Each structure stands twice: as C-alpha cells, then as structure tokens.
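Have a look at the structure below before the remarks.
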Amino acid sequence: MRRCPYLELLVKDTRGPLRVYRFDCHVDHLSKRKLSLRDSPPICVRDYESCHLYQEEKGREDGLIRRYTE
C-alpha cells in the first residue's frame, strides 16, 4: 500500500462500528482525525496525489531542485 511521503503517523482504532483514523501530516504539522463507518482510510493512504498539501509541498520541493540544477 502506497502512502504519502509526508505522512508521519497513522493509527487506526475501532470503537464499535466506528473506525477512527488519527494521522499526522508533516506539511502542516497538525494532527487530524477521521471517523468512518466502513474501512475507508484518509486521503494520505488512498489517493495522496490529489491532496492539496501534498501538491503544494511537492511543487515547493521541485522548485528548489530545479533552481539548484539550472
């Protein structure tokens, strides 16, 4: 399973019928929580290429690399 390279921590807890995902993002330095009735992980695990935080950080890093290679 592919995960976002900026994902620092992912914890899945089950509380009765609920799935509680707790995850930390390295880009915005915040801890987040997602509640779900079915097994549906956060965007960091499912499709991180469409996450706006990933796109911003990847663009910033690519800009730095491009600046030093030119």
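No lab work stands behind these numbers, since they all come straight from the coordinates. Owing to the predicted nature of the structure, the values given are computational and were not obtained by experimental measurement. We place every Cβ from the backbone using ideal geometry, glycine too, and count neighbours over all the protein chains shown.
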Legend entry - Exposure rule at most 12 other beta-carbon atoms within 10 Å, DSSP loop trypsin sites (Lys or Arg not before Pro): the chain longest free segment: 3-37
Inset, instruction - Could you name the lysines whose alpha carbon sits less than 18 Å from that of LYS12, not counting residues in the same chain fewer than 8 places away? - result: LYS32, LYS34
Legend entry - For semi-axes √(5λ) of the Cα gyration tensor in Å, calculated from these coordinates, the label among [x] 67, 7, 4; [y] 30, 11, 8; [z] 56, 14, 7: [y]
Inset, instruction - Give a residue-ordered list of calculated ³J(HN,Hα) values for the range 43-59 (Karplus: 6.51 cos²θ - 1.76 cosθ + 1.60, θ = phi - 60°; whole Hz; x for Gly, Pro). - result: 4, 4, 9, 6, 8, 5, 5, 8, 6, 5, 5, 5, 4, 5, 5, 5, x
Inset, instruction - Could you list VAL45, VAL20 in order of exposure, starting from the residue whose Cβ has the fewest other Cβ atoms within 10 Å? - result: VAL20, VAL45
